[in-house]
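Inspection log for the structure reproduced underneath, given as structure tokens.
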Amino acid sequence: MSTGAGAEFLLDANAISHAVRFPAGPVALLIGQHHATVATSVIVTAEITYGLRKQESPDRSRRIARLLALIPVLEFTSADVQVYGQVRRDLEESGTPIGAMDTLIGAHAVSRGLTVITHNVREFQRISGLAVVDWQATTA
């Protein structure tokens, strides 16, 4: 796994999936434009792996593997765990919890000072201090 030094953007699973499904679409084009500053989380790769096991699509698995081979995958460290604890507590105290995986991914991004790239903006925006952008809703 890469350290992702120089990363600015953390790709969520739906951004990676969109880039693979639509290689000429806005997400794929923006990944190409920002290739030196794009990373993803080991948590995202866990979500993707689960989805691929459910679908059992060798072609889709190969295409996602090719894309992931080009993107640093950030480990979830003990420092990230500390931020996760705070993020989860804050969400629960405010009465606005989100899914477990999104909480982990969002905390990972907060911990590293990264912007989450996702189509699931509504959920991630609940995390205080997290920058969120939807590359599917933009033009490259």
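What follows draws every value from the coordinates through simple rules; no lab data is involved. Here the structure is a predicted model, which means the values were calculated and not measured. Neighbour counts run over all protein chains shown; Cβ positions are idealised from the backbone, glycine included.
Quick one: dipole size for the range 1-119, taken about the Cα centre, charges +1 on Lys/Arg Cβ and -1 on Asp/Glu Cβ, in debye to the nearest 20.
500 debye
How far apart, in nm, are two points set 7 Å out from the Cα along the Cα-to-Cβ line at E75 and at S128?
Here the answer is 3.0 nm between the modelled labels.
What does the net charge come to around F124 if you take all other residues with beta carbon closer than 10 Å to its beta carbon, with K and R at +1 and D and E at -1?
Neighbour charge sum, excluding F124 itself: -2.
So what is the relative contact order of the chain, in percent, for Cα pairs below 8 Å that sit 6 or more residues apart?
Across the chain, relative contact order equals 32 percent.
Taking the chain as a Gaussian network, where each spring joins two C-alpha atoms under 10 Å apart, which residue of T40, T77, T103 fluctuates the most?
T77
Once you have the alpha carbon radius of gyration of the range 9-137, what is it after dividing by 2.2 N^0.38 Å, with N set to its residue count?
Computed over Cα atoms of the range 9-137, the ratio equals 1.03.
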